[in-house]
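Student: First, the structure itself, so that you have it in front of you.
The values are calculated or read from the model by the stated rules, or taken from the named source; none is laboratory data. These numbers come from a predicted model, not from an experiment. Glycine gets a Cβ as well: all are built from the backbone with ideal geometry, and neighbour counts include every protein chain shown. For the accessible areas, the whole protein counts, side chains as well, though only heavy atoms, and no ligand, DNA or RNA atoms are used. Shrake-Rupley method; radii C 1.70, N 1.55, O 1.52, S 1.80 Å.
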Amino acid sequence: MEEDLFQLKQLPVVKFRRTGESSRSDEDGISGEHEVQIEGVRTELEPVELGDGAAVPKEFANPTDDTFMVEDAVEAIGFGKFQWKLSVITGLAWANAMEMMILSILAPQLHCEWRLPSWQVALLTSVVFVGMMSSSTLWGNISDQYGRKTGLKISVLWTLYYGILSGFAPIYSWILVLRGLVGFGIGGVPQSVTLYAEFLPMKARAKCILLIEVFWALGTVFEVLLAVVVMPTLGWRWLLILSALPLLLFAGLCFWLPESARYDVLSGNQEKALATLKRIATENGAPMPLGKLVISRQEDRGKMRDLFTPHIRWTTLLLWFIWFSNAFSYYGLVLLTTELFQAGDVCSISSRRQEVKAKCSLTCEYLTEEDYTDLLWTTLSEFPGVLVTLWIIDRIGRKKTMALSFLVFSFCSLLLFLCVGRNVLTVLLFIARAFISGGFQAAYVYTPEVYPTATRALGLGTCSGMARVGALITPFIAQVMLESSVYLTLVVYSGCCLLAALASCFLPIETKGRGLQESSHKEWGQEMVGRGSHSPG
């Protein structure tokens, strides 16, 4: 007996604390650390330290807890092959930027071919944003009620169908209706970010969401290159049809997508959530946490009133204005770029407009090869925008990143008051677009992080809807007001972004270094209590 006791004393007792320790300890007082005592002999525990990003050893995968949450599993499994596949597939949906970029190419073409007045050209752009504005909240509600995968698949297939039909529009009224229906479908595509974010571990979340934003930039560049090849030979109809290619690829691959495990747990489908987590662990070659998956408290999902609870109300209102300003300025710059390049510089644009009016109100100019080249250069600015945002967002935080982006855009807009040549004009537009697209990307990172699972899709949907209000108004500023005064147009964009920078600073919650909130019944960040590696301080 004494010999057995001596051998037991020599055995090391290991203490292991998981990265995403269950928050149930604050309710039942059970700690994630255990001490072993044998016959009155106390053996000290040896802590096991894991480096950043290191996988949990299989022999230590959650041996001390008998339950775990989805957050725990996502953090323990980490980033791997599954998330790379998910990045590509959701990125294809995000490449719907082609459907947006085509507006700045299609407008001058139809203006000439169908002899459209300027207000009808502006309406052709605005009707897309009317569709997006009217559907964004609806798609968010569908994604919260029936699942992220369901909402995303339906919206992408809708956009694909009506996008191809647009190429066969015989007259102006037909293309107006069909592009409006395309906009209705595009309103649901941002739900790809909701689905994507809910599968990402905390440390990789910002970088990965910015990664799929690269697909937006690739979509815009591909659209300009496609227009250079297709427009002179096949015409705008084929350009509309071929612009649906990324969505066609998504339609063929979307059946691989799983439903969000966070959504399944919240809706009470524990077995499906567990099966999804096991699938991710298998693909990533990582161990699953041991024990039983905890089902979150059942909540009403997709309710507008939950966006205005006391602790989130101010955040919702400020985010609405930030998203409005982002889209208003971003799409305004896209449309303004075409107008400025056709004029040559800011100072000659007003005199050029007056000359055009003197000749005929329907006089038009097709985009030249030089216009397409400069359009390509400003479109390429989206890539430096992603890189700059990627570098600063985890250093200075989400709020300051958005504020900085708005300030730089506003400054570049004011510099356009100077009578600069075409080369300097291209550089200023390049910088302005890089930073306003970076601000948009930071908003896409921040918004899914700040809302709880029960209202995450709806919160993103309503913000996206407010962005479409800004995009709806901007053609009448960038195309119609421009005819009266180019300087007033630039003041409007610059002033709007200055106010948006202030709104970013006044956001009450900084989500940098925080896990996703599961329940809307707790104060923000309360679920992170006890997760020492997640919650600073």
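Student: Assess whether residue 478 counts as being crowded, with 23+ Cβ neighbours inside 10 Å and modelled with pLDDT under 85.
Tutor: On the way: crowded, with 23+ Cβ neighbours inside 10 Å: yes; modelled with pLDDT under 85: yes.
Considered against the rule, which asks whether it is crowded, with 23+ Cβ neighbours inside 10 Å and modelled with pLDDT under 85, residue 478 comes out as yes.
Student: From the list 195, 152, 211, 200, which residue is assigned by the TED database to the domain that holds residue 245, within 26 Å of residue 125 (Cα to Cα) and either open to solvent by less than 10 Å² (accessible area, probe 1.4 Å) or not charged (D, E, K, R) (or both)? Step through it out loud before you land on a result.
Tutor: Working: 195 fails: within 26 Å of residue 125 (Cα to Cα); 211 fails: within 26 Å of residue 125 (Cα to Cα); 200 fails: within 26 Å of residue 125 (Cα to Cα).
None of the others qualify; the one that does is 152.
Every residue, every condition in (1) closer than 25 Å to residue 504 by Cβ; (2) assigned to a loop (DSSP other than H, G, I, E, B), yes or no:
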site: 215; (1), (2): yes, no
site: 225; (1), (2): no, no
site: 241; (1), (2): no, no
site: 248; (1), (2): no, no
site: 272; (1), (2): no, no
site: 286; (1), (2): no, yes
site: 289; (1), (2): no, yes
site: 319; (1), (2): yes, no
site: 325; (1), (2): yes, no
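Student: Checking residue 399 against (1) open to solvent by less than 30 Å² (accessible area, probe 1.4 Å); (2) within 16 Å of the chain's Cα centre (by Cα), only one condition comes out false. Which one?
Tutor: (1)
Student: Also: Could you grab me the full set of residues in the range 250-270 that are farther than 30 Å from residue 169 by Cα, assigned to a helix (DSSP H, G or I) and not charged (D, E, K, R)? Spell out the reasoning first.
Tutor: Residues of the range 250-270 that are farther than 30 Å from residue 169 by Cα, as a first pass: 255-270.
Cutting the leftovers down to assigned to a helix (DSSP H, G or I) gives us 255-256, 261-266, 270.
Hits for the range 250-270 are 255, 256, 261, 263, 265, 266, 270.
Student: Evaluate the following for residue 173: is it within 17 Å of the chain's Cα centre (by Cα), among the polar types (S, T, N, Q) and not in a loop (DSSP other than H, G, I, E, B)? Write out each step before concluding.
Tutor: Values: within 17 Å of the chain's Cα centre (by Cα): no; among the polar types (S, T, N, Q): yes; not in a loop (DSSP other than H, G, I, E, B): yes.
Answer is no for this residue.
Conditions tested, residue by residue: (1) out of contact with any Asp or Glu (no Cβ under 7 Å at 6 or more places or on another chain); (2) more than 13 Å from residue 257 (Cβ to Cβ).
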| position | (1), (2) |
| --- | --- |
| 146 | yes, yes |
| 149 | no, no |
| 152 | yes, no |
| 163 | no, yes |
| 168 | yes, yes |
| 172 | yes, yes |
| 183 | yes, yes |
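Student: Additional query: Only one of these is closer than 30 Å to residue 409 by Cβ, assigned by the TED database to the domain that holds residue 404, modelled with pLDDT of 85 or more and not aromatic (Phe, Trp, Tyr): 337, 315. Name it.
Tutor: On the way: 337 fails: modelled with pLDDT of 85 or more.
On inspection, the qualifying residue turns out to be 315.
Student: Moving on. Among residues belonging to the range 308-330 that are over 16 Å from the mean Cα position of the chain (by Cα) and within 25 Å of residue 473 (Cα to Cα), point out the one that is most open to solvent (accessible area, probe 1.4 Å). I'd like the intermediate steps shown before the answer.
Tutor: Initially, the range 308-330 is screened for residues over 16 Å from the mean Cα position of the chain (by Cα), giving 308-318, 321, 328-329.
Within this subset, residues satisfying the condition of being within 25 Å of residue 473 (Cα to Cα) are 314-318, 321, 328-329.
Values: 314: 140, 315: 1, 316: 0, 317: 78, 318: 20, 321: 70, 328: 11, 329: 0 Å².
For the range 308-330, the residue satisfying everything is 314.
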